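First comes the structure, then the notes that go with it.
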């Protein structure tokens, strides 16, 4: 099967178990693999994503995907105010992404709906107690932060990407074996 557009997002380096398959799929389809990393700081990453592989393992997975010709990039999601949003953190992620061959890097500010708040706020109370009040205030009435913060983060992330020559999204491309007629005919 060819002529499809597929995207895969993962926090795991186990994506490499399917490297041969992903490489084969990418030959006749538009395939984008997104590796999520929130920080290169191993201790912080362990706090934020206790069950995810270490950041260096995920960056290595990105490197191997790119070395195999698979279109891949880095997602820094979620960006959490006063936790992993420092420009230095984002710069380190961008530098690692470039070194691994990433073609793009995207980010998104954390959003916390009511069920997520029930899990996230106790985590904050345990690990970042000095931030609980600010987060409760920021997410009291809605799941998404409003105001100046999202705009400032978008600008910060634009600067970081620009410094490192990274696109904000995956590139448009035609795979090597893209079929002449990629559009499927409707069955009726």
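Quick check on residue 12: is it surrounded by fewer than 16 Cβ atoms within 10 Å (Cβ to Cβ) and either within 30 Å of residue 142 (Cα to Cα) or modelled with pLDDT of 95 or more (or both)? Talk me through it step by step, then tell me what you get.
Numbers: surrounded by fewer than 16 Cβ atoms within 10 Å (Cβ to Cβ): yes; either within 30 Å of residue 142 (Cα to Cα) or modelled with pLDDT of 95 or more (or both): yes.
For residue 12, the condition - surrounded by fewer than 16 Cβ atoms within 10 Å (Cβ to Cβ) and either within 30 Å of residue 142 (Cα to Cα) or modelled with pLDDT of 95 or more (or both) - is met.
Of the residues in the range 36-54, how many are within 16 Å of the chain's Cα centre (by Cα) and closer than 15 Å to residue 78 by Cβ?
So the answer is 8.
Among the residues of the range 115-128, how many are loosely packed, with under 15 Cβ neighbours inside 10 Å and out of contact with any helix residue (DSSP H, G or I) (no Cβ under 6 Å at 6 or more places or on another chain)?
Qualifying residue count for the region: 7.
In the range 136-164, how many residues are in contact with a helix residue (DSSP H, G or I) (Cβ under 6 Å, 6 or more places away or on another chain) and in a helix (DSSP H, G or I)?
Residues in the range 136-164 being in contact with a helix residue (DSSP H, G or I) (Cβ under 6 Å, 6 or more places away or on another chain) and in a helix (DSSP H, G or I): 3 in total.
Table: residues versus (1) at negative phi; (2) surrounded by fewer than 17 Cβ atoms within 10 Å (Cβ to Cβ); (3) touching a strand residue (DSSP E or B) at 6+ places or on another chain (Cβ under 9 Å); (4) modelled with pLDDT of 95 or more.
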site	(1), (2), (3), (4)
29	yes, no, yes, no
37	yes, no, yes, yes
40	yes, no, no, yes
49	yes, no, yes, no
55	yes, no, no, yes
62	yes, no, yes, yes
68	yes, yes, no, yes
72	yes, no, yes, yes
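The values are calculated or read from the model by the stated rules, or taken from the named source; none is laboratory data. What you are looking at is a predicted structure, and each value in this text was computed from that prediction instead of being measured. Note that we place each Cβ from the backbone using ideal geometry, even for glycine, and neighbour counts take in every protein chain shown.
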